[in-house]
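Presented below is the structure to which this report refers.
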Amino acid sequence: MSKVIFDFGAHKGQNITYYLNRADYLVCVEANPILCKNIKIDFRQYINEGRLFVENFALSNQKLSSEKFYIHKTKSTHSQLLKPTEPSNFNEISVPTMKASTLIKNYLNKFKLEKAHYIKIDIEYMDHIVLHDILKFKIKFDYISCECHSSNVLNEL
């Protein structure tokens, strides 16, 4: 049976090769359009093979078509959907949004799979929101990991 991994907060794609050695398909989601563009260039071989799918979305629980996204001026790992406490360190842009459960269901249907093999969530302060959405809609998976900035993630589990 085929396996799919979801990399929510793919950043620069530093885990792509590792994940593709463990699954047939990889879906990377990254809100920063510049990082998304670079992933598509750097890993175009896997995209052309039909194994890698790169989505430029911010994952949210809102049913909005787009939201403000804050790109850190010097530390791309600190870019975030939540309004930062020090906005002068960030550039504000608008990015398309999607619910994680919707995206996962779409890809599971595309690949004719019943569950995800692994879901990695690392999206700066919104991890618990995405985790809640995945659990609420009873998305099946073998493994999941989440960055934890607060006890909210633990509460969801």
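Accessible surface of the chain, 1.4 Å probe: 48 percent of it comes from carbon and sulfur atoms. Can you find, among Phe8, His117, Ile144, the residue sitting farthest towards the positive end of the charge dipole of the chain, where Lys and Arg contribute +1 and Asp and Glu -1 at Cβ? Selected residue: His117. Take the cross-link list Lys75/Lys136; Lys110/Lys136; Lys83/Lys120 and give me the ones stretching past 27 Å between alpha-carbons. The answer is Lys75/Lys136.
Taken about its Cα centre, region 74-147 carries a charge dipole of roughly 500 debye when the Cβ of each Lys and Arg holds +1 and the Cβ of each Asp and Glu holds -1. Comparing Tyr18, Ile129, Phe53 along the charge dipole axis of the chain, the residue lying farthest to the positive side is Phe53, per the Cβ-charge model.
Counting only Cα atoms, I'd like the Rg/Rh figure for the chain, Kirkwood definition for Rh. Walk me through the numbers on the way to the answer.
On the way: Rg = 15.0 Å, Rh = 15.8 Å.
Ratio of gyration radius to Kirkwood radius: 0.95.
Of all DSSP bridge pairs formed entirely within region 1-93, close to 35 percent run antiparallel.
Placing +1 on each Lys and Arg Cβ and -1 on each Asp and Glu Cβ, with no other charges, gives region 41-119 a dipole about its Cα centre of roughly 240 debye. Each of Gln80, Tyr70, Ala100 was placed along the dipole of the chain (beta-carbon charges, centred on the mean Cα), and the one lying farthest toward the positive end is Ala100.
Per residue, the convex hull around the alpha carbon atoms of region 72-157 comes to 108 Å³.
Peptides 85-95, 2-12 ordered by packing proxy, namely the average of other Cβ atoms within 10 Å per residue, highest first: 2-12, 85-95.
The values are calculated or read from the model by the stated rules, or taken from the named source; none is laboratory data. From a predicted model like this one, the values you see are computed outputs, not experimental measurements. No Cβ is skipped: glycine too gets one built from the backbone with ideal geometry, and neighbour counts run over all protein chains shown. Calculation scope for accessible area: heavy atoms of the full protein, side chains included, ligands and nucleic acids excluded. Shrake-Rupley method; radii C 1.70, N 1.55, O 1.52, S 1.80 Å.
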